[in-house]
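To start, the structure under review is shown below, and the notes come after it.
Coordinate-derived values only; no laboratory data. Not measured: the values here are computed from a predicted model. Note: ideal-geometry Cβ built from the backbone for every residue, glycine included; neighbour counts use all protein chains shown.
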Ligand code: ADP
Ligand code: 5GP
């Protein structure tokens with residue numbers, strides 16, 4: 001039986017670069033599976049149902065909550081977002097790492113349920129740079145941008161609850177740091193007891 005895969009959770013304020021970094025990590029490290037969240041927000045141009053998110057109606061999302069199909073869910077900046085639990089345990093049992101990109105409420109909720117998760121907080125270099133990035137992305141209305149920026153300072157204060165912090169100043173450096181964490185976590189002694197024994201006992 002392979003070692004159980006890790007649950008890797010990445011959070012940070014909107015516009016920090018989570019989506020950009022996760023996409024790059026997934027091309028760099030093929031052992032990681034991205035957990036596609038469900039949401040009631042409208043798709044942005046270029047977003048595809050089932051790739052970035054499962055785009056659901058409020059009624060369908062509430063049905064998933066009722067039927068206990070979500071590991072966690074939260075109302076984030078006025079829309080529902082949640083993590084379908086179905087595939088996570090199955091993939092981890094197959095030895096695969098699963099990546100969740102979720103907000104701070106969701107991450108704190110998962111921390112209570114998954115003690116061996118790896119919790120990573122992504123910071124922008126500054127709040128001014130965060131604002132520039134959200135505006136440059138150009139996918140939200142002014143009201144939505146304001147709501148997201150207003151939440152940012154409070155969200156950043158929650159960074160102390162995580163195992164790791166990465167500052168996304170230089171993109172490729174941040175991606176390399178994230179991958180380094182994922183790779184190092186796989187090398188933890190506790191995850192390699194089986195291989196230690198097999199080699200010691202000449203089973204391989
Ligand atoms: P999030 O998923 O955290 O909301 P995105 O990945 O959508 O953030 O990134 C927000 C914007 O910032 C995007 O336009 C993205 O291209 C840009 N961006 C991401 N990382 C960097 C970086 N290191 N330097 C400059 N711009 C960045
Ligand atoms: P966006 O609308 O910019 O794609 O995402 C808004 C926020 O929702 C981000 O902070 C993102 O990490 C968070 N988010 C995405 N999926 C989930 C999820 O499944 N659960 C929770 N709690 N937050 C999520």
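Computed values, structure above
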read-out	value
Cα convex hull of the range 66-106, projected area averaged across orientations, nm²	3.3 nm²
Burial ordering of 112, 198, fewest other beta-carbon atoms within 10 Å first	112, 198
Tilt relative to the chain, helix 171-186 - C-alpha long axis, 0 to 90 degrees, to 10	40 degrees
Inter-part distance where the range 1-61 and the range 100-123 are each reduced to a Cα centre, Å	13 Å
R0 of 25 Å, Cβ-Cβ distance residue 62-residue 143: FRET efficiency to nearest 0.05	0.55
Equivalent-ellipsoid semi-axes of the chain, from the Cα gyration tensor, Å, largest first	31, 21, 15
Quarter of Cα convex hull surface for the range 93-144, i.e. mean projection, nm²	5.6 nm²
Potential lengthening between residue 126 and residue 203 on full extension [0.36 nm per residue; Cα-Cα distance subtracted]	22.4 nm
Largest to smallest principal axis extent of the C-alpha atoms in the range 1-103, angstrom	40, 31, 22
Ratio Rg/Rh [Cα only; Rh per Kirkwood] for the range 5-53	0.95
Percent RCO, i.e. relative contact order, over the range 1-71, from Cα pairs under 8 Å lying at least 6 residues apart	19 percent
Relative exposure of 39, 141, 16, judged by other C-beta atoms within 10 Å (fewest first)	141, 39, 16
Computed log₁₀ I(q)/I(0) - Debye formula, equal Cα scatterers, no solvent, the range 33-82, q 0.19 Å⁻¹	-0.58
Mean separation of Cα contacts under 8 Å (6+ apart) over length of the chain, as relative contact order %	31 percent
With Cα atoms, 0 to 90° folded angle of helix 104-113 axis to the chain main axis	30 degrees
The range 160-204: C-alpha gyration tensor shape, a/c 1.5 cut-off, then a/b vs b/c	oblate
